[in-house]
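Worksheet for the structure shown next.
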């Protein structure tokens, strides 16, 4: 009984300490944050037999203000540009027997372009047949953008990102994107005899849409193990509520540009974009990351987080009372490897250390999101109603 009481008191004091720390944390303008925030988080932790080495830059955008915004999904392309691109890509696809070309534009995927992509074992009739070919893939965990990493490919990561930006901005000149994560695919081989079909490797890039110089780093839906918030369904219009579950899943990639690049003329782009529709608040006061870091450290020490990839002051997307409108709120976003069952995830289910983190299919690569005004971490395991709805915003007094 004494041990139970002691444990409860320890938890209580921990909660009181964190609450007091949040209450005492001073707020600053985004321009002031670099002067009151450590430039790097560098520390080693030991948890459940695992060593977690954290060594990441604390990224703060070099901007004057940190506004909160209202956005909507960007509309599909309209004619005449839509028809012109459709005709151009259809013509190229018919004439080129060694590559294929695709063009689509719709509301959920603002732009889908594939330009001069190798067939890799297919024919012009059946296109690429991935079931017959194979290749090695690996994440670029830490990379120098001015170096080359893809096999037998002279292109640097920065040059590959420039290809994506150039072709996207030819169609959407006002869209700003920044490189986030990358991984590479090696030489393509036949599965049956391992014979090389193409000895070149190529890049896969995830690039994030930026607004007012601030990257959209994550959707609040991606931060929760259970993202389906019934209260959001209750405040939606009756006609929209049935689509809540579809939208929660789909919007995780919104504001993200996924691409693959072989060379300047061989690439594909899938862009799911937002358009800004209103200003919710011109500038928000924010807390430094040092004031909130202990909450992430607590998850590390408890076995829930076993790797930190990046820490960024960026936009997190929240829901509103209208299915068409979303709020972008400046937040601390920590992309990491997060295990929902904590140390029991490995014991009970196993964790595949060889799987890619950045291709969008990992069950463990997720964001932790911290309210940069209150300093409170959104608990990944919370099922509290209203957890994905835009929080109250406090402007400068």
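The values are calculated or read from the model by the stated rules, or taken from the named source; none is laboratory data. Keep in mind that what you see is a predicted model, and the values were worked out from it rather than measured. Here the Cβ positions follow ideal geometry from the backbone for every residue, glycine too, while neighbour counts run over all protein chains shown.
Scanning the range 170-193 for residues that are modelled with pLDDT of 90 or more and in a loop (DSSP other than H, G, I, E, B) returns 172, 173, 174, 175, 186, 187. Filter the range 40-84 down to residues that are part of a loop (DSSP other than H, G, I, E, B), surrounded by fewer than 17 Cβ atoms within 10 Å (Cβ to Cβ) and touching a strand residue (DSSP E or B) at 6+ places or on another chain (Cβ under 6 Å), then give me how many there are. So the answer is 0. All conditions in (1) under 29 Å from residue 51 (Cβ atoms); (2) modelled with pLDDT of 95 or more hold for residue 353, with the sole exception of (2). Could you list, in sequence order, all residues of the range 146-169 that are touching a helix residue (DSSP H, G or I) at 6+ places or on another chain (Cβ under 7 Å) and either modelled with pLDDT under 95 or buried (at least 16 other Cβ atoms within 10 Å of the Cβ) (or both)? Result: 149, single match.
Considering the range 194-261, the qualifying strands (runs of 3 or more DSSP E), each wholly inside and each with 3 or more residues that are over 13 Å from the mean Cα position of the chain (by Cα) and either at pLDDT 95 or above or within 28 Å of residue 157 (Cβ to Cβ) (or both), run over 196-198, 202-211. For the range 142-157, the criterion of being under 19 Å from residue 359 (Cα atoms), outside any loop (DSSP other than H, G, I, E, B) and more than 21 Å from the chain's Cα centre (by Cα) is met by no residue. The residues of the range 173-185 include none that are surrounded by 16 or more Cβ atoms within 10 Å (Cβ to Cβ) and more than 21 Å from the chain's Cα centre (by Cα). Pairs linking a residue in the range 49-68 that is closer than 21 Å to residue 339 by Cβ to a residue that is surrounded by fewer than 11 Cβ atoms within 10 Å (Cβ to Cβ) and modelled with pLDDT of 95 or more, with Cβ atoms under 6 Å and 6 or more positions apart or on different chains, are 53/44.
Would you confirm, using the coordinates I've provided, whether residue 270 is crowded, with 21+ Cβ neighbours inside 10 Å and either at pLDDT 90 or above or part of a loop (DSSP other than H, G, I, E, B) (or both)? In short, no.
Is it the case, given these coordinates, that residue 200 is within 19 Å of residue 137 (Cα to Cα), out of contact with any strand residue (DSSP E or B) (no Cβ under 9 Å at 6 or more places or on another chain) and surrounded by fewer than 20 Cβ atoms within 10 Å (Cβ to Cβ)? So residue 200 fails the test.
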